[in-house]
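Shown next, in structure tokens, is the structure this report addresses.
The values are calculated or read from the model by the stated rules, or taken from the named source; none is laboratory data. Just so it is clear, the structure is predicted and the values come from calculations on it, not from any experiment. Glycine also receives a Cβ, built like all others from the backbone with ideal geometry; neighbour counts cover every protein chain displayed. Calculation scope for accessible area: heavy atoms of the full protein, side chains included, ligands and nucleic acids excluded. Shrake-Rupley method; radii C 1.70, N 1.55, O 1.52, S 1.80 Å.
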Amino acid sequence: MTNSNFIDQINDIRCEVLKSLEELRQSGSFQTLSASSEKLRNRMDSISKRAARRLQTSFDGRFVIAVVGSSGHGKTTIIDEMFPSLASKGWLETDVTDTTSQALKIEYNDQSDGKPPVVVNSWTLSQIKGMFSDAEVERQNERNGITITYEEDHIVVDGRQANFNPSDAKHFKFPKILDVYPFDAPFIVPEAKQRDKDFISALTVKQASKNIKTPPLFQTSEKSYNTLQLRAVVKDVTLKDDYKNIRKWTGLDEDQLDKLVFVDTPGIGTSGSIKDEILTHTLESKSRRVLLELFANDELDIIVHLVLCGRQSDFANIWKSLEETMGPGEMEDLAERIVLAINGTNIFFSNADLNRHMTEHGDHLDTAIGDNIIEKMAPGRHFKPGIACFLDSKRIVESGGFLKAGNYAKTYEGYRPVLESWMTKDSPAAKFLETYGWSESFRENIDALCDPEDRGQGFLTRKIQELISTKGDRLFAKKYLVRSGLLSVAQDLKEITTEFYDAEGGVNSQATLEAIKGIMSFLDKEDPLAIEKFALQSFDAKVDEITEKMSGPGWVMDSFEKVCSAVYHHLVEQTGAPAEVQETFWRVFLNRAQEWSEIWGYAYAILPTPAESKGRTIDLVRHSLKMHVREMLYQFQSEGYSPEPGTLIEQSTEDKDRVLGVIHKIEKQIEVMKSICKKVGVLV
């Protein structure tokens with residue numbers, strides 16, 4: 001397991017960066033600079049928001065292991081067997097598929113932490129609004145005449161004019177107008193309700209109309225919630241378990257078990273249900289949104305993608321949505337955190353088609369796993385999971401295995417020779433296992449799968465433990481240093497201090513002005529035509545050359561960026577400025593170019609390419625770029641000689657020392673973070 005000292009070190013870095021941010025805010029000179037620069041205020045606001053979102057709370061060093069799979073693939077059945085004491089309390093519904101869309105979070109029952117054993121958590125108002133404002137949800141609600149009104153602290157769903165099928169609507173039990181609002185605080189389930197089957201069922205299952213009770217199920221902070229309202233707002237139910245099986249399978253001690261959290265996520269691709277009445281369209285999207293929110297908020301460390309043998313993976317639906325919202329880079333990171341779990345290994349023997357592939361062609365693994373799962377997981381790429389586990393359910397196998405023995409051990413005693421034959425050298429199955437790097441672990445997997453006390457579930461848990469032991473520090477470095485924004489916040493603070501202060505903590509606006517003045521010194525400020533002559537001679541032909549080569553949807557912005565680069569390099573080459581002056585001027589130029597791209601519209605421009613417009617758009621863009629090159633030169637020449645009021649700031653020795661301390665602290669923490677990342681193999 002991951003060294004606790006590693007987490008302590010990262011938390012120390014977090015504290016130091018946050019202290020530096022606050023100390024810089026307290027600096028009198030920085031407050032003066034911020035008052036005179038909207039851009040600086042915006043940059044600091046951005047840093048503060050990122051810090052508030054992910055860095056205010058201490059990193060707990062727990063590994064959250066999410067079991068992700070489609071409805072009907074046996075996900076909850078496996079979790080039911082992994083956590084038998086929890087299952088006995090009735091919280092794991094295995095005999096129904098129409099469950100409410102919420103995560104079930106399972107934590108180790110450490111009696112000393114004082115935490116309640118069952119807690120219901122809700123989404124925030126913004127998360128709930130995000131679900132209602134989904135484009136497809138809005139379209140379906142409008143089509144059905146369901147009106148959604150967004151109030152300051154809640155949402156009003158009005159289905160009084162809705163045009164549902166009369167045969168469905170006559171079974172509706174809940175009011176046709178409904179207020180939806182988040183909890184003010186988590187709901188701690190009273191002890192008397194923790195084993196109450198009716199309470200658990202009402203919270204976790206979409207009950208048939210005849211069984212539904214419409215009065216509030218519970219109240220928290222003076223807000224009452226009926227079961228339909230809860231279906232919309234509940235994010236997760238957090239439960240405590242003794243981890244009896246996990247302890248037996250892994251040999252972990254209490255401190256290590258306390259660092260593991262298991263999450264049963266809603267089924268991928270869960271369809272809507274008329275049982276959701278006026279929320280039917282909204283709740284149809286909730287399962288997907290629960291998963292997306294968990295991923296987007298970085299609440300999941302290891303993903304166990306569970307797929308029933310013989311069925312297809314629906315993970316591509318989540319993968320595509322995540323790429324759209326988070327970017328492909330995040331998905332590359334996700335790939336190394338996925339463990340593939342093939343549930344129902346007995347199906348290779350009981351399913352006629354798969355059994356035929358196995359006995360006649362030997363290509364059953366290519367078909368069941370390669371074609372149905374791996375090729376379907378990641379759209380447009382060949383995804384290669386590093387870890388795969390074959391597992392099974394004792395209850396399912398004993399309800400009718402291949403040998404019809406009604407006994408798990410005896411059934412798998414019959415399967416074992418066939419499973420071992422999959423490792424026969426040069427067989428299609430052996431080649432498949434070798435291709436994905438699973439050959440070495442498969443023999444151990446067979447032993448575990450044939451053990452009725454393990455069933456491959458223990459093997460899965462040990463592989464997770466192995467992943468944490470070998471890659472835990474790397475995963476946490478990515479999560480806590482990179483994805484949390486800790487490193488980028490520190491780097492942005494360094495950029496700000498470098499831009500506005502010198503190496504001794506003094507305000508360097510004068511140095512910036514001198515740098516600009518030095519760069520622009522070759523132009524005669526007394527000659528009104530100096531800029532025009534220089535631009536005509538040095539840049540007009542370059543603009544024509546750059547735009548001639550541009551194509552693609554972002555060609556306008558690409559042209560602007562290349563022209564900016566040409567202007568910068570020509571200016572510094574023109575004057576032969578020393579390296580430190582060039583560095584100062586580059587920071588100013590880069591920030592100004594980003595500002596210009598938005599003010600002048602290049603960042604937002606969408607124009608047909610020259611080829612698409614038969615050359616008409618290129619003349620417009622060339623004209624704009626040439627005009628703006630002259631504007632760039634004018635602004636720099638003016639700033640070099642006419643500093644804005646408030647640019648030159650008086651600074652006390654105390655303030656200078658404060659800023660210098662911030663600079664040193666930030667630089668040190670950045671170096672430490674980069675050193676950690678390098679040590680564990682994280683590129684930054």
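May I ask you to list pairs of residues, at least six apart or on different chains, whose Cβ atoms are under 7 Å apart, with the first in segment 482-507 being at positive phi and the second being open to solvent by 10 Å² or more (accessible area, probe 1.4 Å)?
Filtered contacts from segment 482-507: Gly485/Arg50; Gly485/Arg54; Gly505/Lys656; Gly505/Asp657; Gly505/Leu660; Gly505/Ile663.
Conditions (1) within 25 Å of Glu612 (Cα to Cα); (2) free of Cβ contacts under 8 Å to residues at least 12 places away in the same chain, marked per residue:
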residue	(1), (2)
Asp527	no, yes
Glu561	yes, no
Tyr568	no, no
Phe585	no, no
Val588	no, no
Glu598	yes, yes
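Looking at (1) surrounded by 15 or more Cβ atoms within 10 Å (Cβ to Cβ); (2) among the polar types (S, T, N, Q); (3) farther than 22 Å from Leu92 by Cα, which is the one condition that is false for Ser221?
(1)
Checking the structure you have, find out if any residue of segment 420-432 is out of contact with any Asp or Glu (no Cβ under 7 Å at 6 or more places or on another chain), in a helix (DSSP H, G or I) and among the β-branched types (Val, Ile, Thr).
No, that holds for no residue.
Could you check segment 243-302 and list, in sequence order, the residues that are within 30 Å of Ala51 (Cα to Cα), open to solvent by less than 30 Å² (accessible area, probe 1.4 Å), among the aliphatic types (A, V, I, L, M) and part of a helix (DSSP H, G or I)?
Matches in segment 243-302: Leu257, Val290, Leu291, Leu292, Leu294.
Could you tell me whether Leu475 is within 23 Å of Ile10 (Cβ to Cβ), in contact with a helix residue (DSSP H, G or I) (Cβ under 9 Å, 6 or more places away or on another chain) and open to solvent by less than 20 Å² (accessible area, probe 1.4 Å)? Show your work before the answer.
Numbers: within 23 Å of Ile10 (Cβ to Cβ): yes; in contact with a helix residue (DSSP H, G or I) (Cβ under 9 Å, 6 or more places away or on another chain): yes; open to solvent by less than 20 Å² (accessible area, probe 1.4 Å): yes.
So Leu475 passes the test.
Search segment 81-93 for residues that are at positive phi and pair each with any residue that is open to solvent by less than 20 Å² (accessible area, probe 1.4 Å) and aliphatic (A, V, I, L, M) when their beta-carbon atoms are under 8 Å apart and the residues are at least 6 apart or on different chains.
So the pair list comes out as Gly90/Ile200.
Residues that are open to solvent by 30 Å² or more (accessible area, probe 1.4 Å) and either free of Cβ contacts under 8 Å to residues at least 12 places away in the same chain or not in a helix (DSSP H, G or I) (or both): does segment 24-36 have at least one?
The initial filter retains those residues of segment 24-36 that are open to solvent by 30 Å² or more (accessible area, probe 1.4 Å), namely 25-26, 28, 31-32, 35-36.
Cutting the leftovers down to either free of Cβ contacts under 8 Å to residues at least 12 places away in the same chain or not in a helix (DSSP H, G or I) (or both) gives us 31, 36.
Yes, there is a match, as at least one residue in segment 24-36 is open to solvent by 30 Å² or more (accessible area, probe 1.4 Å) and either free of Cβ contacts under 8 Å to residues at least 12 places away in the same chain or not in a helix (DSSP H, G or I) (or both).
From the set of residues in segment 578-634 that are of a type in the set (Ser, Thr, Tyr) and out of contact with any Leu (no Cβ under 8 Å at 6 or more places or on another chain), which is farthest from Met557 (Cα to Cα)?
If we take residues in segment 578-634 being of a type in the set (Ser, Thr, Tyr) and out of contact with any Leu (no Cβ under 8 Å at 6 or more places or on another chain), then Thr584 is farthest from Met557 (Cα to Cα).
I want to confirm something. Restricting to segment 568-616 and keeping residues that are acidic (Asp, Glu) and assigned to a helix (DSSP H, G or I), which single residue is most open to solvent (accessible area, probe 1.4 Å)?
Out of the qualifying residues, it is Glu573.
What pairs come up if the first residue lies in segment 464-477 and is in contact (Cβ under 8 Å) with a residue 12 or more places away in the chain, the second is among the aromatic types (Phe, Trp, Tyr) and assigned to a helix (DSSP H, G or I), and their beta carbons are under 8 Å apart, counting only those six or more places apart or on different chains?
Final answer for the pair search is Asp473/Phe6; Phe476/Phe6.
Just to be sure, is Asp353 farther than 24 Å from Arg443 by Cβ, open to solvent by 30 Å² or more (accessible area, probe 1.4 Å) and modelled with pLDDT of 85 or more?
On the way: farther than 24 Å from Arg443 by Cβ: yes; open to solvent by 30 Å² or more (accessible area, probe 1.4 Å): yes; modelled with pLDDT of 85 or more: yes.
In short, yes.
Being modelled with pLDDT of 90 or more, small (Gly, Ala, Ser) and assigned to a loop (DSSP other than H, G, I, E, B) is the filter here, so list the residues in segment 171-230 that pass it.
Listed by number, the list holds a single entry, Ala185.
Taking Ile531 as the residue in question, decide whether it is over 35 Å from the mean Cα position of the chain (by Cα), buried (at least 22 other Cβ atoms within 10 Å of the Cβ), touching a residue at least 60 places away in the same chain (Cβ under 8 Å) and farther than 30 Å from Gly414 by Cα.
For Ile531, the condition - over 35 Å from the mean Cα position of the chain (by Cα), buried (at least 22 other Cβ atoms within 10 Å of the Cβ), touching a residue at least 60 places away in the same chain (Cβ under 8 Å) and farther than 30 Å from Gly414 by Cα - is not met.
Mind telling me which of the residues Ala51, Ala66 ends up being modelled with pLDDT of 90 or more, aliphatic (A, V, I, L, M), part of a helix (DSSP H, G or I) and under 27 Å from the mean Cα position of the chain (by Cα)? Explain how you work it out, then say what you get.
Details: Ala66 fails: part of a helix (DSSP H, G or I).
After applying the criteria, what remains is Ala51.
From the set of residues in segment 81-101 that are in a loop (DSSP other than H, G, I, E, B), open to solvent by 20 Å² or more (accessible area, probe 1.4 Å) and among the polar types (S, T, N, Q), which is modelled with the lowest pLDDT?
Looking at the filtered set, the residue picked out is Thr97.
Just the residues that are open to solvent by less than 80 Å² (accessible area, probe 1.4 Å) and more than 29 Å from the chain's Cα centre (by Cα), please, taken from segment 133-148.
If the condition is that a residue be open to solvent by less than 80 Å² (accessible area, probe 1.4 Å) and more than 29 Å from the chain's Cα centre (by Cα), then Asn144, Gly145, Ile146, Thr147 are the ones that fit.
Got a number for residues in segment 497-545 being in a helix (DSSP H, G or I) and at pLDDT 90 or above?
16
Pick from segment 443-457 the residues that are within 18 Å of Glu413 (Cβ to Cβ) and not in a loop (DSSP other than H, G, I, E, B): which of them is most open to solvent (accessible area, probe 1.4 Å)? First the steps, then the outcome.
First, pick out the residues of segment 443-457 that are within 18 Å of Glu413 (Cβ to Cβ): 443-456.
Next, from what is left, pick out any that are not in a loop (DSSP other than H, G, I, E, B): 443-450.
On the way: Arg443: 132, Glu444: 88, Asn445: 3, Ile446: 3, Asp447: 75, Ala448: 7, Leu449: 4, Cys450: 18 Å².
Checking each candidate, the answer is Arg443.
With within 30 Å of Ser484 (Cβ to Cβ) and of a type in the set (A, V, I, L, M) as the only criterion, which of Ile618, Ile670, Ile599, Ile606 stands out?
Exactly one of Ile618, Ile670, Ile599, Ile606 is within 30 Å of Ser484 (Cβ to Cβ) and of a type in the set (A, V, I, L, M), namely Ile670.
Could you say whether any residue in segment 341-362 is of a type in the set (S, T, N, Q) and in a strand (DSSP E or B)?
yes
Would you mind finding the one in Ser427, Ser441, Ser469 that is over 18 Å from Met358 (Cβ atoms) and in contact with a helix residue (DSSP H, G or I) (Cβ under 8 Å, 6 or more places away or on another chain)? Spell out how you get there, then give the answer.
On the way: Ser427 fails: over 18 Å from Met358 (Cβ atoms); Ser469 fails: in contact with a helix residue (DSSP H, G or I) (Cβ under 8 Å, 6 or more places away or on another chain).
One residue alone meets the criteria, Ser441.
Give me a count of the residues in segment 117-127 that are more than 18 Å from the chain's Cα centre (by Cα) and either open to solvent by 60 Å² or more (accessible area, probe 1.4 Å) or within 30 Å of Asp241 (Cβ to Cβ) (or both).
Adding up the residues that qualify gives 6.
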